[in-house]
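The values are calculated or read from the model by the stated rules, or taken from the named source; none is laboratory data. Computed from a predicted model, the values in this text were never measured in an experiment. For neighbour counting, all protein chains shown are included, and Cβ atoms are generated from backbone atoms with ideal geometry for every residue, glycine included. For accessibility, only protein heavy atoms count, side chains too; no ligands or nucleic acids. Shrake-Rupley method; radii C 1.70, N 1.55, O 1.52, S 1.80 Å.
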Amino acid sequence: MALMLGFCFYSKKSLREIKRLGLSALLHDVGKTEIPDNILKAARKLSSSEFKVMKRHPKIGEFIIKVKSGIDGGIARGASEHHEKLDGSGYPRGTREISYVGQVLGIIDCYEALTNEERPYRKAKSPLDALKTIKADVEAGKFDRKIFKKFCYSLI
Ligand SMILES: [Fe+2]
(Lines give C-alpha, C1' and ligand atoms only; values in the text may rest on other atoms or scores of the structure.)
Protein backbone atom coordinates (compact mmCIF):
# COMPACT_ATOMS: atom_id res chain seq x y z
CA MET A 1 0.00 0.00 0.00
CA ALA A 2 2.88 2.39 0.79
CA LEU A 3 4.41 1.71 -2.62
CA MET A 4 1.04 2.27 -4.28
CA LEU A 5 0.57 5.58 -2.48
CA GLY A 6 4.05 6.65 -3.59
CA PHE A 7 3.09 5.73 -7.16
CA CYS A 8 -0.17 7.70 -6.85
CA PHE A 9 1.50 10.83 -5.48
CA TYR A 10 4.21 10.70 -8.15
CA SER A 11 1.53 10.26 -10.83
CA LYS A 12 -0.48 13.17 -9.38
CA LYS A 13 -3.65 11.08 -9.08
CA SER A 14 -6.83 12.65 -7.76
CA LEU A 15 -7.83 12.01 -4.16
CA ARG A 16 -10.62 9.73 -5.41
CA GLU A 17 -8.11 7.67 -7.43
CA ILE A 18 -5.62 7.59 -4.54
CA LYS A 19 -8.33 6.17 -2.27
CA ARG A 20 -9.34 3.58 -4.88
CA LEU A 21 -5.81 2.45 -5.71
CA GLY A 22 -4.70 2.56 -2.07
CA LEU A 23 -7.62 0.42 -0.93
CA SER A 24 -6.99 -1.99 -3.81
CA ALA A 25 -3.40 -2.38 -2.68
CA LEU A 26 -4.43 -2.91 0.93
CA LEU A 27 -6.97 -5.60 0.00
CA HIS A 28 -5.34 -7.25 -3.03
CA ASP A 29 -4.26 -10.40 -1.18
CA VAL A 30 -7.27 -10.69 1.15
CA GLY A 31 -8.07 -14.02 -0.55
CA LYS A 32 -4.99 -15.50 1.15
CA THR A 33 -6.99 -15.53 4.40
CA GLU A 34 -8.74 -18.62 2.99
CA ILE A 35 -5.54 -20.45 1.96
CA PRO A 36 -4.38 -23.09 4.49
CA ASP A 37 -1.38 -22.06 6.62
CA ASN A 38 0.69 -25.10 5.58
CA ILE A 39 0.63 -23.76 2.01
CA LEU A 40 0.70 -20.05 2.79
CA LYS A 41 3.64 -20.28 5.18
CA ALA A 42 5.55 -23.14 3.54
CA ALA A 43 9.29 -22.43 3.80
CA ARG A 44 9.96 -24.27 0.55
CA LYS A 45 8.87 -24.25 -3.04
CA LEU A 46 5.23 -25.32 -3.37
CA SER A 47 4.34 -28.56 -5.13
CA SER A 48 2.20 -28.18 -8.25
CA SER A 49 -0.96 -29.21 -6.38
CA GLU A 50 -0.21 -26.76 -3.56
CA PHE A 51 0.43 -24.00 -6.09
CA LYS A 52 -2.95 -24.78 -7.64
CA VAL A 53 -4.56 -24.06 -4.26
CA MET A 54 -2.47 -20.89 -3.86
CA LYS A 55 -3.63 -19.70 -7.29
CA ARG A 56 -7.19 -19.55 -5.96
CA HIS A 57 -6.50 -16.51 -3.80
CA PRO A 58 -7.26 -13.85 -6.46
CA LYS A 59 -10.75 -15.26 -7.11
CA ILE A 60 -11.41 -15.73 -3.39
CA GLY A 61 -10.27 -12.14 -2.81
CA GLU A 62 -12.60 -10.90 -5.55
CA PHE A 63 -15.47 -12.77 -3.89
CA ILE A 64 -14.70 -11.43 -0.41
CA ILE A 65 -14.47 -7.83 -1.65
CA LYS A 66 -17.39 -7.86 -4.07
CA VAL A 67 -19.91 -10.23 -2.54
CA LYS A 68 -19.12 -10.35 1.17
CA SER A 69 -18.10 -6.72 1.66
CA GLY A 70 -20.00 -4.98 -1.14
CA ILE A 71 -17.03 -2.69 -1.89
CA ASP A 72 -16.78 -1.03 -5.33
CA GLY A 73 -16.17 -3.46 -8.21
CA GLY A 74 -12.93 -1.79 -9.38
CA ILE A 75 -11.24 -2.76 -6.14
CA ALA A 76 -12.37 -6.36 -6.55
CA ARG A 77 -10.77 -6.38 -10.02
CA GLY A 78 -7.45 -5.41 -8.46
CA ALA A 79 -7.63 -8.51 -6.27
CA SER A 80 -8.75 -10.77 -9.11
CA GLU A 81 -6.18 -9.49 -11.65
CA HIS A 82 -2.97 -8.75 -9.74
CA HIS A 83 -1.33 -12.01 -10.92
CA GLU A 84 -2.50 -11.68 -14.54
CA LYS A 85 0.04 -10.76 -17.24
CA LEU A 86 -0.46 -8.82 -20.48
CA ASP A 87 0.82 -11.79 -22.54
CA GLY A 88 -1.82 -14.07 -21.01
CA SER A 89 0.67 -16.09 -18.95
CA GLY A 90 -0.73 -15.07 -15.55
CA TYR A 91 -3.45 -16.51 -13.34
CA PRO A 92 -6.21 -17.28 -12.43
CA ARG A 93 -7.84 -16.57 -15.83
CA GLY A 94 -4.85 -16.12 -18.12
CA THR A 95 -6.55 -13.02 -19.52
CA ARG A 96 -4.73 -10.29 -21.47
CA GLU A 97 -7.37 -7.72 -20.61
CA ILE A 98 -6.27 -6.35 -17.28
CA SER A 99 -7.70 -3.24 -15.63
CA TYR A 100 -5.38 -0.32 -14.83
CA VAL A 101 -5.51 -1.11 -11.11
CA GLY A 102 -4.72 -4.78 -11.82
CA GLN A 103 -1.70 -3.78 -13.93
CA VAL A 104 -0.26 -1.35 -11.38
CA LEU A 105 -0.80 -3.87 -8.58
CA GLY A 106 0.87 -6.59 -10.62
CA ILE A 107 4.10 -4.59 -10.92
CA ILE A 108 4.10 -3.37 -7.32
CA ASP A 109 3.27 -6.81 -5.92
CA CYS A 110 6.07 -8.35 -7.97
CA TYR A 111 8.58 -5.72 -6.75
CA GLU A 112 7.48 -6.20 -3.14
CA ALA A 113 7.79 -10.00 -3.39
CA LEU A 114 11.24 -9.84 -5.02
CA THR A 115 12.68 -7.36 -2.51
CA ASN A 116 11.02 -8.57 0.70
CA GLU A 117 10.30 -12.24 0.64
CA GLU A 118 13.42 -13.91 1.93
CA ARG A 119 12.85 -17.65 1.59
CA PRO A 120 15.15 -20.59 2.35
CA TYR A 121 15.21 -21.33 -1.37
CA ARG A 122 15.43 -17.72 -2.56
CA LYS A 123 17.25 -14.60 -1.40
CA ALA A 124 15.58 -11.20 -1.40
CA LYS A 125 16.82 -9.05 -4.29
CA SER A 126 18.16 -5.51 -4.04
CA PRO A 127 15.73 -2.83 -5.34
CA LEU A 128 17.84 -2.42 -8.50
CA ASP A 129 17.98 -6.16 -9.19
CA ALA A 130 14.24 -6.44 -8.60
CA LEU A 131 13.59 -3.64 -11.12
CA LYS A 132 15.91 -5.38 -13.62
CA THR A 133 13.90 -8.59 -13.21
CA ILE A 134 10.62 -6.75 -13.76
CA LYS A 135 12.13 -4.86 -16.73
CA ALA A 136 12.85 -8.23 -18.36
CA ASP A 137 9.15 -9.04 -17.89
CA VAL A 138 8.25 -5.69 -19.50
CA GLU A 139 10.47 -6.59 -22.48
CA ALA A 140 8.73 -9.97 -22.64
CA GLY A 141 5.33 -8.24 -22.87
CA LYS A 142 4.10 -9.21 -19.42
CA PHE A 143 3.86 -5.71 -17.90
CA ASP A 144 3.05 -2.28 -19.32
CA ARG A 145 6.16 -0.17 -20.04
CA LYS A 146 4.64 3.22 -19.15
CA ILE A 147 3.32 2.02 -15.79
CA PHE A 148 6.67 0.36 -15.02
CA LYS A 149 8.56 3.56 -15.84
CA LYS A 150 6.28 5.59 -13.60
CA PHE A 151 6.72 3.08 -10.80
CA CYS A 152 10.52 3.31 -11.12
CA TYR A 153 10.42 7.10 -10.89
CA SER A 154 8.01 6.95 -7.96
CA LEU A 155 10.65 5.07 -5.94
CA ILE A 156 13.22 7.89 -6.07
FE1 LIG B 1 -1.35 -12.34 -4.62
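Using the Cα centre as the reference, give the magnitude of the dipole from point charges on the C-beta atoms of the stretch 87-156 (Lys, Arg: +1; Asp, Glu: -1; all else neutral), rounded to the nearest 20 debye.
In total the dipole reaches around 160 debye.
Simple rule: put +1 on each Lys or Arg Cβ and -1 on each Asp or Glu Cβ in the chain, find the dipole, and look at P92, L23, L155; the Cα lying farthest toward the positive end is L155.
Ordering Y10, G78, G106 by the projection of their Cα atoms onto the charge dipole of the stretch 2-154, which places +1 on the Cβ of Lys and Arg and -1 on the Cβ of Asp and Glu, puts Y10 at the extreme positive end.
Here the Karplus relation 6.51 cos²θ - 1.76 cosθ + 1.60, evaluated at θ = phi - 60°, turns the backbone of the stretch 28-33 into coupling constants of 4, 9, 4, x, 5, 5 Hz, with x for every Gly and Pro. K52 contributes an accessible area of around 150 Å² to the protein surface, as traced by a 1.4 Å probe with all chains present. With R₀ set to 22 Å, the beta-carbon distance separating N38 from T133 gives a calculated FRET efficiency near 0.20. Candidate membrane-span-like segments in the chain, meaning DSSP H helices with Cα atoms spread over at least 15 Å of their own axis and a Kyte-Doolittle mean of 0.0 or above, are 15-27, 100-116, with no membrane implied.
Computed over protein heavy atoms with a 1.4 Å probe, the accessible surface of the chain works out to 57 Å² per residue. Between the amide H of L86 and those of F143, distances stay under 5 Å, these residues lying 5 or more places away or on another chain, with hydrogens modeled in the peptide plane. Ordering of 38-45, 149-156 by packing is 149-156, 38-45, highest average first (other Cβ atoms within 10 Å, averaged per residue). When Rg and the Kirkwood radius Rh are both evaluated on Cα atoms of the chain, their ratio Rg/Rh stands at 0.95. Using the Karplus relation 6.51 cos²θ - 1.76 cosθ + 1.60 with θ = phi - 60°, the per-residue 3J(HN,Hα) values for the stretch 42-58 come to 4, 8, 7, 5, 6, 6, 5, 6, 5, 5, 4, 5, 4, 5, 7, 4, x Hz, with x marking Gly and Pro.
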